[in-house]
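Student: Below you'll find the structure I mean.
The values are calculated or read from the model by the stated rules, or taken from the named source; none is laboratory data. Computed from a predicted structure; not experimentally measured. Cβ atoms come from the backbone with ideal geometry, glycine included; neighbour counts cover every protein chain shown.
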Amino acid sequence: MKQIITIFLLLSSTYLFSQGLKPATEVQKKEIQTNINKASALSNTLQCNFVQKKELSVLSETFVSEGTMYFKKQNSLRWQYTTPYKYLFILSGGKVLIKNESRTDKFDANTNKLFKEISEIMIGCVNGSMLSNDSKFSSQYFVGPTTVVVKMIPKNKEMKQLMSSVSLTFTKTDWLVQTIEMVEQGGDKTIINFTTKNVNKPISDDLFRVN
Amino acid sequence: MLTNRYPTICFVLINLLVFVSSCASKKAPVEMNADIPTSTYSCFTYPDSTSLRLKTTINYKDIQMSGITIAKMYSDTVMGMFINEFGVTVLGFRTKETQCKLFSVIGQLDNPLIKNELKNDLGFIFLVCKYPSNTFWIDFPNNNAINLAKFPGLDSNVISQRYYKKELTGDCKRYNDTIVFTNKKQNITYTFVPIEPKK
């Protein structure tokens, strides 16, 4: 098992180097954290479209879905898939609303372990708070010409069951998350790419209404 | 003379009766004879070059699990993955005739009883097999049987029914392009709606 993890880490490091990324020095790491925290502090709302690609290694298939994401401080998130299926996820005030084409469910985020983990990852990725979550993730920083990649390895059992790593790519221009890449234990990948980012554009509270 | 032959006549008659009753059975073995014309049974039509993509919901009591099933046929084997809307892999399955194996099962479902139900149900839903065209039944060695017929009085949406030791344990129904499988014993409903390819 240790050998497999070592090979996996070596391969992923090789991939990062091939993208022109180099491991960050301690000074660079601090600078990156400062820039991301600054950008996050200045972003009260964020609205963007996203393209989600799920790569299924067993079937050699990629499944693409698209949608819109709305984020409002402190922890309000609306994650909406529009194609090829309609699916809505709202997290607000610790409550979750899930609406698909056949029904709507509302529950306390803390009562559903899976959604609690997913919610924490989503919010943490969007507002950058995941970088400071040292209790749940160990992180490696990589610097490229225009981007910065933070690779996070989960520490706890629940997170490990969901994924083996999460990589967040930030652009050096706005220091907001550009891409989220989640790698599962079996090797399947989910890549979410954010486009048309709107920062601090007013977003109605109605979009985060759970009740 | 007749008295002497009586045991022989009885023996022949009993054998004849057994032979006739076995011929009268509706069930046919799943092993194929090259001379008999065959048909292929499958709930879904698999695309030649790409995968089958289905919006999927699984309902049990008041719990619903939703996501996407992506399935591909390789010769006589169907490989499938069930992912949730966020892209998290829920489980993978591989079916060949009535044998189904699960893999990459998410922690929340990693329970022997749940896995056994899912294995049996997915194995039946994604079953692809050949059967003699002149029969209404397919029998399998593990006491499972499939009724392919639409007998009078049977719901016209029924595609097939699953029996275990002659007890009805599930059925597959088609409503337009939607396939619904109901596990009659556990009251689990699986709904599959095809996703149109992007134009």
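Student: Give the residue, chosen from B:Ile63, B:Ile68, that is within 14 Å of another protein chain (Cβ to nearest Cβ) and either over 25 Å from A:Ser164 (Cα atoms) or within 17 Å of the chain's Cα centre (by Cα) (or both).
Tutor: So the residue among B:Ile63, B:Ile68 that is within 14 Å of another protein chain (Cβ to nearest Cβ) and either over 25 Å from A:Ser164 (Cα atoms) or within 17 Å of the chain's Cα centre (by Cα) (or both) is B:Ile63.
Student: Looking at A:Ile123, A:Ile153, A:Ile118, A:Ile203 in this structure, which one is at pLDDT 90 or above and under 26 Å from B:Leu109 (Cα atoms)?
Tutor: Answer to the check: A:Ile153.
Student: Can you go through B:Asn157, B:Asn147, B:Asn116, B:Asn120 and tell me which one is at pLDDT below 85 and not charged (D, E, K, R)?
Tutor: Result: B:Asn147 is the single residue among B:Asn157, B:Asn147, B:Asn116, B:Asn120 that is at pLDDT below 85 and not charged (D, E, K, R).
Student: Take the range B:31-49 and flag every residue that is closer than 30 Å to A:Glu55 by Cβ and in a strand (DSSP E or B).
Tutor: Listed by number, the list holds a single entry, B:Ser42.
Student: Which residues, counting only those in the range A:169-190, are within 14 Å of chain B (Cβ to nearest Cβ), within 9 Å of the chain's Cα centre (by Cα) and not polar (S, T, N, Q)?
Tutor: Within the range A:169-190, A:Ile180, A:Glu181, A:Met182 meet the criteria.
Student: Counting only residues that are among the aliphatic types (A, V, I, L, M) and at the interface with chain A (Cβ under 7 Å from one of its Cβ atoms), which one in the range B:71-92 is farthest from the chain's Cα centre (by Cα)?
Tutor: B:Val88
The rows are residues; the columns are (1) more than 22 Å from A:Tyr70 (Cα to Cα); (2) in a loop (DSSP other than H, G, I, E, B); (3) of a type in the set (Gly, Ala, Ser).
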position: A:Lys160; (1), (2), (3): yes, no, no
position: A:Phe170; (1), (2), (3): no, no, no
position: A:Thr173; (1), (2), (3): no, yes, no
position: A:Gln178; (1), (2), (3): no, no, no
position: A:Gly186; (1), (2), (3): yes, yes, yes
position: A:Thr190; (1), (2), (3): no, no, no
position: A:Ile203; (1), (2), (3): no, yes, no
position: A:Asp206; (1), (2), (3): no, no, no
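Student: Return the residues of the range A:57-68 that are crowded, with 20+ Cβ neighbours inside 10 Å and more than 7 Å from chain B (Cβ to nearest Cβ); say none if nothing qualifies.
Tutor: A:Ser65, A:Gly67
Student: If you scan the range A:162-195, which residues turn out to be touching a Cys at 6+ places or on another chain (Cβ under 8 Å) and more than 12 Å from A:Thr147 (Cβ to Cβ)?
Tutor: Selection gives A:Val166, A:Ile180, A:Phe194, A:Thr195.
Student: Pull up the range B:106-124, narrow it to residues that are within 10 Å of chain A (Cβ to nearest Cβ) and touching a strand residue (DSSP E or B) at 6+ places or on another chain (Cβ under 9 Å), then point me to the one that is farthest from A:Gly67 (Cα to Cα).
Tutor: Filtering first and then ranking leaves B:Gln108.
Student: Do any strands (runs of 3 or more DSSP E) lying entirely in the range A:76-154 carry at least 3 residues that are among the polar types (S, T, N, Q), in contact (Cβ under 8 Å) with a residue 12 or more places away in the chain and within 14 Å of another protein chain (Cβ to nearest Cβ), and which ones are they?
Tutor: Counting at least 3 such residues, we get A:76-83.
A quick yes/no check of all residues on (1) closer than 30 Å to B:Thr69 by Cα; (2) touching a residue at least 60 places away in the same chain (Cβ under 8 Å):
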| site | (1), (2) |
| --- | --- |
| A:Lys29 | no, yes |
| A:Ser40 | no, yes |
| A:Cys48 | yes, yes |
| A:Val51 | yes, yes |
| A:Leu56 | yes, yes |
| A:Thr62 | yes, no |
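Student: Which residues, counting only those in the range A:90-105, are over 16 Å from A:Asn75 (Cα atoms), surrounded by 12 or more Cβ atoms within 10 Å (Cβ to Cβ) and modelled with pLDDT under 90?
Tutor: The answer is A:Ser102, and nothing else.
Student: Take the range B:32-88 and flag every residue that is at pLDDT below 85 and of a type in the set (A, V, I, L, M).
Tutor: B:Met32, B:Ala34, B:Ile36
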